[in-house]
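The structure appears right after this line, and notes come after that.
Where a number appears in this text, it was derived from the coordinates with a stated rule and is not lab data. Quick caveat: nothing in here was measured; it's all calculated off a predicted structure.
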Amino acid sequence: MEHTLQTGDIVTGIYKTGKYIGEITALRPQHYLVKVLAVLKHPTQGDLHSVKQADVPLFHERRALAYREQTNIPMQMVKKYEGELPDYKDSLRQALEKQIADLKEDGSPWAERCLENLYTLQTEYKL
């Protein structure tokens, strides 16, 4: 697969169930190594193999990637970012608040379990 982006480019990338803004720091054969600079979508909570199910053996708590944390993102999940770069902590707060608001509207047992995780993370993130 041919690289269309280069080291130093600011991009969006989807990693697992979160979406981030970051800087490409290295090119790999099928991935870009991306340094996280902001959060666009907080990762989804729960068991990804049993989507929207609350009664599962292990209900995963998923943290957002940390500021400047580097991760390999598949090339097809990375796009050039156009726009102003938000502050990491502000972007994390906004992404978390949006997910909490969406889950409150859902009201399902799965949403309630997700909210429990997100409130714990909100405290751990010191937001």
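For residue 31, the residues whose modelled amide H falls within less than 5 Å of its own, excluding neighbours fewer than 5 places apart on the same chain, are 75. Note that the chain carries a Kirkwood radius of 15.3 Å, evaluated over its alpha carbons pair by pair. Amide H contacts for residue 81 (H built 1.01 Å from N in the peptide plane; partners 5 or more residues away or on another chain; cut-off under 5 Å): 10, 11, 12.
Sequence-distant contacts, meaning Cα pairs under 8 Å at least 6 residues apart, place the relative contact order of the chain at 26 percent.
For the stretch 2-14, backbone phi angles converted through the Karplus equation (6.51, -1.76, 1.60; θ = phi - 60°) give residue-by-residue couplings of 8, 6, 9, 10, 10, 3, x, 5, 8, 9, 9, x, 9 Hz, Gly and Pro being listed as x. Within the same chain, lysines fewer than 8 places from residue 79 are excluded, and of the rest, those with a Cα less than 16 Å from its Cα are 16, 19, 35, 41. Shown in residue order for the stretch 33-47 are the 3J(HN,Hα) couplings computed by the Karplus curve 6.51 cos²θ - 1.76 cosθ + 1.60 at θ = phi - 60°: 8, 10, 8, 5, 10, 7, 10, 9, 9, 6, x, 6, 8, x, 8 Hz (x for Gly and Pro). Between residue 30 and residue 101, 0.36 nm times their residue separation minus their Cα-Cα distance comes to what? Working it through step by step, the gained length comes to 22.0 nm.
The stretch between residue 93 and residue 60 holds 9.9 nm of extra length on full extension. This uses 0.36 nm per residue minus the Cα-Cα distance.
Under a 5 Å amide H cut-off, with hydrogens placed 1.01 Å from N, residue 40 pairs with 19, 20, 21 among residues at least 5 apart or on other chains. Compute the helix-to-body angle for 109-124: its Cα long axis versus the longest principal axis of the chain, expressed 0 to 90° and rounded to tens. Tilt of helix 109-124: around 60 degrees. Pick out which of 83, 18, 107 has the largest mean-square fluctuation in a Gaussian network model of the chain, springs linking Cα atoms closer than 10 Å. Comparing 83, 18, 107 in the GNM, the peak value goes to 83.
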